[in-house]
Each structure stands twice: as structure tokens, then as C-alpha cells.
Amino acid sequence: MSRFSGLFSSLWSPRPSQDQTPEEEDVTVRVLGARGSGKTSFLYKLYFKHAVGTPDEAFDVVRTDQHNVESIPYLNQMYEIWEYAEMAQSIPHLSKTNVIIFFVDSVKCSHPTVAEKARDNMLWLLTQYGDKLTDAIIITVANKQDEKDAVSAQDIGDEWMKDIRLREALNGHQWRIFPCSAKTGDGLDAILNYLSSTIENRQLLRLSVSSAPQPFVTNLDRHSSSSRLPPGAVARPAGQSPSPVDEDDEDIRRKLRHQSLADFAPTSRERPLSQARMPITPWEDMPNPYHLSDQDFKNWYDQGRVFLFFDYQSLIRISYIYLRQIERTHERRSEATRRLLNNLRVILRSIELFEQDAKQASQNDRNQRATTEFAHECITYSETQTLFWLHMVSYCLMRNPVLEGEDVSFEHFVLRCPELWDGELWRNYYSYKTFHSERGHLEFIAPDKKPLPNAFKSSSLALKGSGLNIDYQIVS
Ligand SMILES: Nc1nc2c(ncn2[C@@H]2O[C@H](COP(=O)(O)OP(=O)(O)OP(=O)(O)O)[C@@H](O)[C@H]2O)c(=O)[nH]1
Ligand SMILES: [Mg+2]
């Protein structure tokens, strides 16, 4: 170990051995990457900031002999972070790995051979040891962004995604690329925030799976591959007319085509539908909402563009982002709500149409396998349910206001509001019959059990007059 570990080990003794099983709540992170890419700097920048509490501490780094390890607390997790001189040294310990952070030197990456070597190393790791890493979260860090010749994280990520084999290998690992400077510390917390929320979501998901009834399951009507209806049908009560979207289906289909549908051609032999349907980066034409920043997510949403899927969490997130915008801009709440609902209808309908078309195409191609691969869940449109959740987010925001200087990201907000993860919350206010009624899909229906908690200032109590069929009076 380099002198850092020796120097500070007394603070965290006894130091865990590599073979020790991590405490259940500890998150084991392996930091890998080329020599000199900044792994040690990263570890100790985090260590001084979060373990010692001296973020401005200046330190020298020396070349790592074998590995360094520190335990670093962040939010309510303890991260046991190992950084290795060579990737090979991490191999015996990969099976006890929750997170791989792969470092790239963004300056050296401007040389194609260096960039390619980094990609090859990642691919090698995943193909050789994929079985040990099935549940690992994988992150690429584009370090040294403070340097003026640094290649941007976006460009590095683009190159990674052009490599089909690498993209396939990363698929399913909740892969993301982050820009950072281990020298200045910029971007480091964004990485930990992402890890914390991803891990927390997984824990919640595990809990929800192990306890019945499933509390994590959205209370919005959902449609998913297994429950998805035959091609041509949509997930709404039989006989009901299509959602009253402002754009008709042909308009939406035109828009979809314009959004480079060809890129997702389900019949492509080169690119099986599973890949086509599972873009894993923020740069896809049809993005996974989880992989977009709040700002990109909102921009995409505002344009009514199709997402890979749109689930309950996406709804909560867009509600939060809209409510924050209302706070900042003093936009009329009714106007913002109208936009939120209109875009939601268009987006959900786009997803339905895309899936219908993709299924149709796959059937024409006799590619039966493809029809089973719509794995993600998507809500269906319901005005009552949407407005209920918008209201509950508003309520949580009022109880947990975002203070000046605080992290305003959705990820951060939602960590503080566990009640929003209770998918059964609506049962306090609505009977099942009302909440899921056909009429409730098309217009807002007030709660029939008890009034919603008061989350608005009195001036914005009523949404009547928004042009939508909303009569949304809140009784405190
Ligand atoms: N400008 C800049 N320099 C950095 C950054 N991160 C690390 N460095 C410098 O890059 C050099 C290598 O950093 P290390 O942290 O030792 O890199 P490493 O990956 O641990 O290297 P090995 O131990 O040799 O594997 C040092 O001179 C650091 O000061 C960064 O974000 N920006
Ligand atoms: Mg080092």
C-alpha cells in the first residue's frame, strides 16, 4: 500500500482485509483504470472531505504499489473504496464488488490508441468476469476535466457507446459516465449521490419484493411487457376512446420517425431488439430517463419527445422539476400543470405507439423472441392519479423545502421524502374504485376518503380555468 493508507489507517482501524466479507451495509467499490489516471487522487480527495472533514487538505500522491483502501461515509452509506495499481490485482476480489469505478484520463484520451485501450480493458473485464459482476453498478469517470485539453465526458461516452460489444457488456449495469476533477474535487459528490440513490432504490426495491403487498409498485396503472396487451391494444378500459391527445397518432408517429427511429430498427440483425430497446446512455435518441440529468430530462419532456419508458419515478421526478420551476419563475401553476399533463399524454401515447410498431415489425419479421422483450414498466395516463402525485410532491416539497445552497437535484430531494416511495399512499385518500375509475383517467376526481393535505398557497388552490377538465380544490 502507498504511504497514505499507512498514514491514515489509525483513523479507521482495524482496516478491513480484502477477503473479509463487507458488512451488509458497506458498499464495496473497486476503482480501476490506467496508471496515472487519478485513482489515488480521487480516493483521498473523497477521504479528506467525507471521512476526515477537511475538504481543502492539500496532499501529494505517490504512484500506487498495489492498492489503497479507505472507508468513507456518505449520506447513510459507508463506502469501502479500494483503488488498485493494476486491474489484475482486483480480479481475486471481484465477487465482493458492488461498484466498479473505471477511471479514464480525459487528456490522454485524445489519443485514439489510449482511448481504445481504456475501452478494451473495460470490455475485457466484463467479458472475462461478467459472472462475478452481474449486480455491480458500473461507472466511468472522465477525470482531469480541469485541464484545458480534456476530452469531454460526453465525447468519451459517445465513443464508448459506438462500440457495440462494450455497450452490450455494460447494458444492465446502470452504467453512467461522470466528468470530474480529482484535483479540484469537482464532480466527486455527483458520483456518490448517484451511487447513494441507486443503491437506496435497489434496497427499497428488494424490500418491496420481499414484502407483500408490493409497496414499491406504482399505484398508477401500469403496463409492462408481461401484462402488456396484444399488439394494437392499449392499456385502458375496453371500449374507451384513445386518450384525448392534442396531437393525433399520425403526428406522433411522424415525430417518432423524425427521432431517428431507424436507429432502433427492431429487425436489424446487427442490433437485436433487446439492445435497440435498452439504450443505456444519455445520448440515445430514445433515452432511458434514469440516465438523463434533471435538466436534460425536463428539456426532453418539454418537447414531448418519446422516452424509452416513463414510469412512476419519472412522474414524481417531472412533478418535482415543474414545481421547482414554478417556485423560481412564478409561472402560474395552472399553466405549468396543463403543460405537464399535455406532455405526459403525448409521451405515453408515443411510447405505446412505438411499442405497437416495434411489435408489429418484429412479428412481420417472425422474430418471436423480440415480442417478449418489452421489459420495463410504463404508467398509463390518468389525470386523477397524475394530479394526486403532483400534489403529494408539492406537499413533500413544502415540508422539506430546498434551502439556498442545497443540492436541488431530484435524487437528493427524493432521498429526504421516503413517503413518496410508498406506492400505496393514495389509499389514505381514495377508494380503489375512485382512484382507478374510467372517469378518473380523463378528469381529476377529488378524494373520496379524506381531503388531501394542504400543499398550496391559497391563491393557487383551484386549477379550474386551466383549460383542462380540472376542478382541484384542496381542503386543509
Ligand atoms: N489536472 C489534474 N491532474 C490530476 C487529476 N487527478 C490526478 N491528477 C494528477 O495526475 C497524476 C496521477 O494521479 P494519481 O492519483 O496518482 O493517479 P493513479 O491513477 O492513482 O496513478 P497510479 O498510482 O500510477 O496508478 C498526479 O500528478 C495527480 O496530481 C485531475 O483531476 N486533474
Ligand atoms: Mg495511485
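The values are calculated or read from the model by the stated rules, or taken from the named source; none is laboratory data. None of the values given here were measured: they were computed from a predicted structure. Glycine gets a Cβ as well: all are built from the backbone with ideal geometry, and neighbour counts include every protein chain shown.
Look at the stretch 23-46 and say how many of its residues are more than 24 Å from the chain's Cα centre (by Cα) and more than 13 Å from ligand 2 (Cβ to nearest atom). Matching residues across the stretch 23-46 total 1.
The requirement of being charged (D, E, K, R), within 13 Å of ligand 1 (Cβ to nearest atom) and closer than 25 Å to Val414 by Cα is satisfied by Asp186. Checking every residue in the stretch 8-29 against the condition of being farther than 24 Å from Ala115 by Cα, within 13 Å of ligand 1 (Cβ to nearest atom) and at pLDDT 90 or above gives zero matches. Annotation note: Cβ proximity below 8 Å between a residue of the stretch 72-86 that is free of Cβ contacts under 8 Å to residues at least 40 places away in the same chain and assigned by TED's automatic domain parsing to the domain that holds Thr40 and a residue that is within 16 Å of ligand 1 (Cβ to nearest atom) and assigned to a strand (DSSP E or B) (sequence gap 6+ or interchain) occurs for Ile72/Ile81.
Screening Val306 on (1) part of a helix (DSSP H, G or I); (2) crowded, with 22+ Cβ neighbours inside 10 Å shows it passes everything except condition (1).
Screening Glu411 on (1) on the phi > 0 side of the Ramachandran plot; (2) touching a residue at least 60 places away in the same chain (Cβ under 8 Å) shows it passes everything except condition (1). Within the stretch 441-458, is even one residue modelled with pLDDT under 80 and outside any loop (DSSP other than H, G, I, E, B)? The answer is yes, given that some residue of the stretch 441-458 is modelled with pLDDT under 80 and outside any loop (DSSP other than H, G, I, E, B). Using the structure shown, decide if Ala142 is without any contact (Cβ under 8 Å) to a residue 40 or more places away in the chain, of a type outside the set (Asp, Glu), in contact with a helix residue (DSSP H, G or I) (Cβ under 6 Å, 6 or more places away or on another chain) and farther than 24 Å from Pro73 by Cβ. Spelling it out, Ala142 is indeed without any contact (Cβ under 8 Å) to a residue 40 or more places away in the chain, of a type outside the set (Asp, Glu), in contact with a helix residue (DSSP H, G or I) (Cβ under 6 Å, 6 or more places away or on another chain) and farther than 24 Å from Pro73 by Cβ.
Considering the stretch 45-88, the residues that are among the polar types (S, T, N, Q) and loosely packed, with under 15 Cβ neighbours inside 10 Å include one that is nearest to ligand 1 (Cβ to nearest atom), namely Gln66. Of the numbered criteria (1) closer than 24 Å to Met286 by Cα; (2) aliphatic (A, V, I, L, M); (3) away from ligand 2 (no atom under 16 Å from the Cβ), the one Val141 fails is (3).
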